[in-house]
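The values are calculated or read from the model by the stated rules, or taken from the named source; none is laboratory data. These numbers come from a predicted model, not from an experiment. As a convention, Cβ positions derive from the backbone with ideal geometry for all residues, glycine included, and neighbour counts pool all protein chains shown.
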Amino acid sequence: MKIIRVYINKKITNGFIELDQSQTHYVKNVMRLNIGDNFNIFNENDGEWIVELLELNKKISKVKTLKEIGFKDKPSDIWILFAPVKKLRVDFIAQKITELGARVIWPVITERTQYKSIKESKILSNAIEAAEQCGLTFIPKVNKIENLEYILDNWDHFDSERTLIFCDEKCENNPKKQLESIKKINKSNKWAILIGPEGGFSDKEREKINRIKNLSIISLGPRILRSDTAIVSSLSLFHSTIGDWV
């Protein structure tokens with residue numbers, strides 16, 4: 001039987017917890033739970049708990065905690081910076097980043113970004129949905145969309161020790177060997193992957209990227225990838241080479 005899991009954006013402790021209207025709708029109308037049924041609640045701060053449904057009303061419901069299960073492993077300290085594409089693909093991107101494992105999702109605006117209307121709350125909603133379905137307890141932080149130029153100019157302010165991994169379609173190196181080599185010199189174990197827009201980065205953006213002190217440029221293979229495919233490929237490559245899969 002599939003375990004029903006609900007993300008709770010509030011402190012979880014031993015005792016009684018109220019579910020809001022959206023959560024109540026989910027357990028009542030979507031999952032068809034009844035008073036006395038058990039399911040799981042979780043968040044990134046308090047882990048996962050088994051609870052019993054005690055009250056079920058139209059707008060709110062109440063549960064009682066029965067048992068603390070604990071946390072799933074926190075992913076490697078990796079940020080994903082990407083230029084948004086059309087709506088459906090951004091939803092897909094948020095889900096896959098969460099499933100594969102990252103600490104931060106950061107949409108960026110580049111000179112060639114065409115899809116600039118993006119809601120951080122929607123990205124977070126998709127990340128939560130992916131975590132609920134995949135048995136995860138960690139939800140990546142979703143940063144407000146920002147101009148790439150500003151981020152690059154202030155990289156040391158954001159995190160001077162973090163290595164930026166630039167996935168460059170013009171690069172021809174062996175990405176696995178490149179990542180393994182930079183792991184030996186990166187003592188902080190903090191990383192960020194940068195994925196460009198459709199059409200790639202401008203010369204000005206490339207110049208700014210190349211000024212980053214802790215920079216590693218890698219290839220994602222001989223074929224040009226769509227942005228969403230590049231994100232999945234780069235994050236899978238990272239985890240299987242130097243991340244939490246090894």
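A few comments on the model shown:
- Which listed residue is closer than 23 Å to ILE139 by Cα, modelled with pLDDT of 95 or more and touching a helix residue (DSSP H, G or I) at 6+ places or on another chain (Cβ under 8 Å), from ILE41, ILE17, ILE78: ILE78
- Of all residues in the range 60-87 being outside any strand (DSSP E or B) and over 18 Å from ALA130 (Cα atoms), the one that is farthest from the chain's Cα centre (by Cα): ILE60
- Filtering the range 178-196 for residues that are hydroxyl-bearing (Ser, Thr, Tyr) and either at pLDDT 95 or above or not in a loop (DSSP other than H, G, I, E, B) (or both) leaves a non-empty set.
- Test: residue in the range 160-171 that is surrounded by fewer than 17 Cβ atoms within 10 Å (Cβ to Cβ) and in contact with a Gly (Cβ under 9 Å, 6 or more places away or on another chain): yes
- Residues that are over 11 Å from the mean Cα position of the chain (by Cα) and not polar (S, T, N, Q) within the range 118-138 comprise ILE118, LYS119, GLU120, LYS122, GLU129, GLU132, CYS134, GLY135, LEU136, listed in sequence order.
- Scanning the range 88-131 for residues that are charged (D, E, K, R), farther than 15 Å from GLU198 by Cα and in a loop (DSSP other than H, G, I, E, B) yields ARG103, LYS119.
- Filter result (in contact with a Lys or Arg (Cβ under 6 Å, 6 or more places away or on another chain) and either closer than 20 Å to VAL246 by Cβ or surrounded by fewer than 12 Cβ atoms within 10 Å (Cβ to Cβ) (or both)) within the range 172-213: LYS190, ALA192
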